[in-house]
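The values are calculated or read from the model by the stated rules, or taken from the named source; none is laboratory data. Keep in mind it's a predicted model, so treat the numbers as computed, not measured. We place every Cβ from the backbone using ideal geometry, glycine too, and count neighbours over all the protein chains shown. For accessibility, only protein heavy atoms count, side chains too; no ligands or nucleic acids. Shrake-Rupley method; radii C 1.70, N 1.55, O 1.52, S 1.80 Å.
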Amino acid sequence: PPKPPHQPTTPAEAFVAALDKRQTLGLDEVMHSDKFYNVWVEMWLFEIKGKDEPVFHNPPTYELYLHLEPLRPMRRLTVKIDTWEGDSYLSDAPTWITWLKDEPCQRRATIRSIVWVWTYAFKHPSVPAL
């Protein structure tokens, strides 16, 4: 059954919501006109199935990964930014599970300006520790 929507409550949920809704974060643009000031932002969901036993159901574990790849010669970065253990239909399951679970290969990508990523990661008040 589909879970009722809720507002993002964790830094990872807020980041995914900002990507999905193309939030500007007070900047003039989410993508720079010069491609060298942009970065490829890819997020994917990795699901580890729970091992069912005869009497107990062990829920899956979901991991959210973020990959940043600048469109100019710079170092790439891939990090796990969140983990959830539980069934995806629960009302307190992270919104990023719903956002990515039905995507092809459970991943989604977009392009954002380096300034947008930097502003979000280091200056956005709702993100204490991304």
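Given a cut-off of under 8 Å on Cα pairs at least six residues apart, what relative contact order in percent is computed for the chain?
Computed over the chain, the figure is 33 percent.
In segment 35-82, what trypsin sites (Lys or Arg not before Pro) fall in a loop by DSSP, with at most 11 other Cβ atoms inside 10 Å?
On the way: sites: K35, K49, K51, R75, R76, K80; in loops: K49, K51, R75, R76.
Here the sparse-neighbourhood loop sites are K49, K51, R75, R76.
Express the carbon and sulfur contribution to the solvent-accessible surface of segment 22-67 as a percent, rounded to the nearest whole number, probe 1.4 angstrom.
The C+S portion of the solvent-accessible surface of segment 22-67 is 57 percent.
Which three semi-axes in whole Å describe the equivalent ellipsoid of the chain, each the square root of 5 times a Cα gyration tensor eigenvalue, listed largest first?
Equivalent ellipsoid of the chain: 30, 16, 12 Å, largest first.
What's the tally of Lys pairs in the chain whose alpha-carbon atoms lie under 19 angstrom apart, where the two lysines are 8 or more places apart or on different chains?
Values: K3/K101; K21/K101; K21/K123; K49/K80; K49/K101; K80/K101.
Taking the chain as the scope, the lysine pair count is 6.
Shape verdict for segment 66-114, please, from the Cα gyration tensor: rounded (a/c under 1.5), prolate (a/b greater than b/c) or oblate.
It comes out prolate by the Cα gyration axes.
Counting only heavy atoms of the protein chains, get the accessible area per residue of the chain (1.4 Å probe) and round it to a whole Å² value.
63 Å²
Just going by the charge dipole of segment 25-130, with Lys and Arg at +1 and Asp and Glu at -1 on Cβ, which of T98, H57, G26 is farthest out on the positive end?
With unit charges placed on the Cβ atoms, the residue in question is G26.
With a 1.4 Å probe and all protein chains kept in place, how much accessible area does D52 have, in Å² rounded to the nearest 10?
Counting only protein heavy atoms, the figure is 100 Å².
So for the pair L71, D34, with labels modelled 7 Å out along Cα→Cβ, what separation do we get in nm?
1.3 nm
Taking the Cα-to-Cβ direction at A17 and at E103 and moving 7 Å from each Cα, how far apart do the two end points lie in nm?
1.7 nm
Starting from the residue with the highest accessible area, list W84, W116, W40 in decreasing order, probe 1.4 Å.
Details: W84 45, W116 0, W40 95 Å².
Listed by decreasing accessible area, they come as W40, W84, W116.
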